[in-house]
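Have a look at the structure below, then the notes.
The values are calculated or read from the model by the stated rules, or taken from the named source; none is laboratory data. In this text, all values refer to a predicted model and were calculated from it rather than measured experimentally. Glycine gets a Cβ as well: all are built from the backbone with ideal geometry, and neighbour counts include every protein chain shown. Keep in mind that these areas ignore ligands, DNA and RNA; they rest on the heavy atoms of the full protein, side chains included. Shrake-Rupley method; radii C 1.70, N 1.55, O 1.52, S 1.80 Å.
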Amino acid sequence: MQVNGFLQRFPLLRIALYLAIGIIVGEACYPTLGTGFWAICASIGLVAAFLFKPPKWQNCCILFVTLTLGAALISRSNQKADRPLPHGISHFEGIITSTPTLKGKTWRCDLMLTRLNGQALHEAMKVKTTILNDPNRPMQLQVCNGIIATSVLNKPQNHWKNASFDYALWLRRHGYQAETFIPYNQFHTAKFPITLSRWQRITLHIRQFRDHILRHFTTSTDIEQQDKAILQAMVLGHREAISKATREAYSRSGASHVLALSGLHIGIIFSLFLLVFRRNALGIFLSIIAAWAFALFVGLPSSAIRSAVMLTIYALSTLSNEENQGLNSLALAALVVLLPQPMMLWDISFQLSFMAVAGILIAYKPLFYAVYPTNCLLRWAWGMICISLSAQMLTFPLLLHYFGSFATYFLLTNFIVIPAATAILYLALLALGSMLIPALQTWIINLMTMIAGWMNTAVTTISHLPYAAIDSGKISILQTICLYIAVFSLMRIYYIISERHPLLHRQKAF
């Protein structure tokens, strides 16, 4: 049977798009239309799907159900985020779930509340917390510290007037239901809460182990401060020590993706194990385990979870010989992420990562096979260029929309930071495996530091080159949509030309 049309060849992509549209519609209609309304609409759509016999109408009903399901899920998430808080001062118990960071005179961390005003919470409450440090006896807070405190729980709010960044909305979309300020004389540490599930205990103990390694990096005085900060970000997922100047340099040079635990890091770990155990069923299975182990080790941030899910689904799909598996696998990964957490659709890193992978899946092969050098070194270099270009094709409109800036030397930067990141992560695994040989571990860490220093120097140099970044100002949503229409139109024109031109038609896009 011949399948016509782009979306018909990728049914899961069509479902993922309708789910995303439903999330957008549900967010726009909340709180006027709540979960109940969308659930009724979904039920009507299901009944209609059974009543209508023609496949065309059944497909329309299924897509309608998918859309209303997305709206219902985001409405439910919004209702959960709008959880009523007690008025005035509250007494609560909880546990520190993120690495506490000392900012001036205060500690900042995330709390997971398990009891509130003497009542055990059926579902833990995530709270962004600021704790005033005791000037006489400075505190040393850590992940897994139990906290018993008295303070006021407030709804997330913006603390800066006329700020372009909506901090309250960011907190809400990342699952924070409240924020609080605790004076040092209104709290004390306690034992690990016994109400946590076994999985929560395991993940928190792993974060505790990660912070133990992080403190080892921090106490090392022979490592330059920003080189140390880069290693902490790339290997352990701790970005708080990176200075504003370093962040700006990586942003202007197009290397920000190296600082965030994303598909690059998970993919490097996966590729290493696949190289060792070969590309068979056992090798793929062990590589998936390694990728998830790394994501768990760095604390299961949302970006690492997304990347691990995407990689797992894509790796499992490669075991079959089905065609057109790339975009279907990507769409399935999006469904796996969005169904339990529909608010992730608004996360910038979620949008950038999925658009980057989509760009690679769509444009990489046509670009690569348009030239296809025969020399191994040239083929590797051309492959790096094609991956960078195809990823940028679908991410630069989002970059202009959110940040109003675009790095012009991203190709040059990727030739430096991707090999450096690969070497650092490979060495990090060796350092972890050489814990019983301190001298060897020290030598490996020094080599990692040297590579991080070279990478920092190169990135900083590129960021200071003339016209390193185009600062055009943020573009509107309408302008972003128009850019995407233009990009997809140009790609479609290229496909039509490549099908008719014998030199370009070496490999189909899908």
It is to be established whether one or more residues within segment 149-162 are farther than 27 Å from Val337 by Cβ, aromatic (Phe, Trp, Tyr) and surrounded by fewer than 16 Cβ atoms within 10 Å (Cβ to Cβ). yes
Is it the case that some residue within segment 186-202 is at pLDDT below 75, among the β-branched types (Val, Ile, Thr) and buried (at least 16 other Cβ atoms within 10 Å of the Cβ)? no
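Answer yes if at least one residue in segment 167-177 is open to solvent by 30 Å² or more (accessible area, probe 1.4 Å), at pLDDT 90 or above, out of contact with any Gly (no Cβ under 8 Å at 6 or more places or on another chain) and polar (S, T, N, Q), and no otherwise.
Looking through segment 167-177, none of the residues is open to solvent by 30 Å² or more (accessible area, probe 1.4 Å), at pLDDT 90 or above, out of contact with any Gly (no Cβ under 8 Å at 6 or more places or on another chain) and polar (S, T, N, Q).
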The correct count of residues that are open to solvent by less than 20 Å² (accessible area, probe 1.4 Å), of a type in the set (Gly, Ala, Ser) and under 17 Å from the mean Cα position of the chain (by Cα) in segment 225-242 is 1
Listing of strands (runs of 3 or more DSSP E) fully contained in segment 45-137 that carry 1 or more residues being within 24 Å of Pro342 (Cβ to Cβ) and acidic (Asp, Glu): 106-116, 119-132
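Can you find even one residue in segment 82-96 that is under 30 Å from Leu332 (Cβ atoms), within 29 Å of the chain's Cα centre (by Cα) and open to solvent by less than 20 Å² (accessible area, probe 1.4 Å)?
Among the residues of segment 82-96, not one is under 30 Å from Leu332 (Cβ atoms), within 29 Å of the chain's Cα centre (by Cα) and open to solvent by less than 20 Å² (accessible area, probe 1.4 Å), which makes the answer no.
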When segment 455-476 is checked residue by residue, the ones that are out of contact with any helix residue (DSSP H, G or I) (no Cβ under 7 Å at 6 or more places or on another chain) and either open to solvent by 60 Å² or more (accessible area, probe 1.4 Å) or part of a helix (DSSP H, G or I) (or both) are Thr457, Thr461, His464, Leu465, Pro466, Tyr467, Ile470, Asp471
Sort through Phe50, Phe37 and tell me the only one that's in contact with a helix residue (DSSP H, G or I) (Cβ under 9 Å, 6 or more places away or on another chain), aromatic (Phe, Trp, Tyr) and surrounded by fewer than 13 Cβ atoms within 10 Å (Cβ to Cβ). Phe50
Members of segment 97-125 that are touching a Cys at 6+ places or on another chain (Cβ under 9 Å) and surrounded by fewer than 16 Cβ atoms within 10 Å (Cβ to Cβ): Thr101
With within 26 Å of Leu231 (Cα to Cα), in contact (Cβ under 8 Å) with a residue 40 or more places away in the chain and open to solvent by less than 40 Å² (accessible area, probe 1.4 Å) as the only criterion, which of Phe350, Phe368, Phe403 stands out? Phe350
Can you find, within segment 327-341, the residue that is most open to solvent (accessible area, probe 1.4 Å) among those that are outside any helix (DSSP H, G or I) and in contact (Cβ under 8 Å) with a residue 24 or more places away in the chain? Gln341
Residue list for segment 249-292, restricted to those being touching a residue at least 60 places away in the same chain (Cβ under 8 Å), more than 20 Å from Ser353 (Cα to Cα) and open to solvent by 20 Å² or more (accessible area, probe 1.4 Å): Leu272
Can you name the residue in segment 150-166 that is more than 26 Å from the chain's Cα centre (by Cα) and at pLDDT 85 or above and, of all such residues, is farthest from Asn136 (Cα to Cα)? Asn154
Quick one: in segment 421-434, which of the residues that are in contact (Cβ under 8 Å) with a residue 40 or more places away in the chain and open to solvent by 10 Å² or more (accessible area, probe 1.4 Å) is nearest to Ala468 (Cα to Cα)? Thr422
If we ask which residues in segment 371-389 are part of a loop (DSSP other than H, G, I, E, B) and either surrounded by 18 or more Cβ atoms within 10 Å (Cβ to Cβ) or on the phi < 0 side of the Ramachandran plot (or both), their number turns out to be 3
